[in-house]
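What follows is a short report on a single structure.
The values are calculated or read from the model by the stated rules, or taken from the named source; none is laboratory data. Please read all numbers here as calculations on a predicted model, not as lab measurements. Don't worry about glycine lacking a Cβ; one is built from the backbone with ideal geometry, like all the others, and counts go over all protein chains shown. Only protein heavy atoms, including side chains, enter the accessible area calculation; ligands, DNA and RNA are left aside. Shrake-Rupley method; radii C 1.70, N 1.55, O 1.52, S 1.80 Å.
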Amino acid sequence: MEDMSRASFTIAYDGEALRDHSMDVQTLAPALMGFGTLMNAANRVVNGDESKIKLQIKALEGGSFQIVFEIVETLYRQIRDILTGPDATAAATLLTFLGFASGVRWSLLRLIKEFHGKNPDKISKLDPGTLRLQFGDQTIEVPVQVVRLLKDVSVRTAVEKVISDPLKSKGIDSFYVRDRKTGEEVINVSRDESVYYNLPEIGEDIISDVVYKSAFTILSLAFKDDNKWRLNGGDGVISARIEDEEFLERVDNNEESFSKGDILFCEVRLVQKKSDSGLKNEYTIIKVLDHRVAARQIPMNFDD
């Protein structure tokens, strides 16, 4: 038998463009889709893959441009006590961690606003459910689920669509959330503050870093700083940065000359990185060990 968990929250956009309580559908539609994506991504982070969620619009209310959402969560096994005890429902707890309901000092939305979208300088574990974050000289204690939400790319991308993107529109100046139970304003984000909710730049993860020796034929040379040489190692063409200063100096002094078919025997560094677009290879020639000219000769034994 499935357990049902429900909770609701109210959000609003405000500004001169919304004085008649209407909102451009081209602005509203992506934001609504963003809310659906946000709730599903956050539910996966907090409650796991076995938890399924549905977000519904219950009604439109007067005001600037207010929307009432109901979040319905179906769980295929009993949810553990996450926050406040046996009466805490998964849906309500999820909203609390995100910042769409009051209940914790440091929700995701509050954390982003207070620290201007910056990542913590240091994270340390206090107990299984609590982490200590350090931002400069300030330290705070937050639920571990909030940090999981902060780190998740899908969650942060959806937050940008919900908050940052609509506030780029002319005449929309603020976004706020009201707790449906208490009527309390949970958070208010101004246009100037909305940039904090942009997805931060994500660095590339190094997957592999190896050094090996290999021979290459030269396809094209580059003599400007940071330009890469195009080389063929027999199994494909690569672009490589040359870091052998002695070799480059010989090239500059015309002590090295090249012709079609020349072979460079090199010490090579290959770094594989993972980015949003997939894997990327970066080649560096650490040392040119030998430069063999293209002209070939028949090997013969000479008697000394």
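Key figures for this structure:
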item	result
Inter-residue pairs, beta-carbon under 8 Å, first in contact (Cβ under 8 Å) with a residue 60 or more places away in the chain and within 14 Å of PHE9 (Cα to Cα) and in segment 178-203, second assigned to a strand (DSSP E or B) and open to solvent by 40 Å² or more (accessible area, probe 1.4 Å), 6+ apart	ARG178/GLU185; ASP179/GLU185; GLU184/ARG178; VAL186/ARG178
Residue count for segment 222-257, restricted to those that are closer than 13 Å to HIS291 by Cβ and open to solvent by 60 Å² or more (accessible area, probe 1.4 Å)	4
Restricting segment 1-35 to residues that are surrounded by fewer than 16 Cβ atoms within 10 Å (Cβ to Cβ) and either in contact with a His (Cβ under 8 Å, 6 or more places away or on another chain) or under 16 Å from LEU94 (Cα atoms) (or both), the residue that is modelled with the highest pLDDT	ARG6
Enumeration of residues in segment 3-45 that are part of a strand (DSSP E or B) and among the charged types (D, E, K, R)	ASP3, ARG6, ASP14
Counted residues, segment 85-136 - those being closer than 16 Å to THR10 by Cα, aromatic (Phe, Trp, Tyr) and either at pLDDT below 85 or in contact with a strand residue (DSSP E or B) (Cβ under 6 Å, 6 or more places away or on another chain) (or both)	1
Pair list, Cβ under 6 Å, 6 or more apart: segment 230-241 residue touching a residue at least 24 places away in the same chain (Cβ under 8 Å), other residue open to solvent by 80 Å² or more (accessible area, probe 1.4 Å) and not in a loop (DSSP other than H, G, I, E, B)	SER239/ARG230
Which numbered condition ARG269 fails, given (1) open to solvent by 70 Å² or more (accessible area, probe 1.4 Å); (2) without any contact (Cβ under 8 Å) to a residue 60 or more places away in the chain; (3) within 22 Å of ILE206 (Cβ to Cβ)	(2)
Residues of segment 27-52 classified as farther than 22 Å from SER107 by Cβ and small (Gly, Ala, Ser), total	1
Filtered residue count, segment 118-165, keeping only those that are outside any helix (DSSP H, G or I) and open to solvent by 20 Å² or more (accessible area, probe 1.4 Å)	25
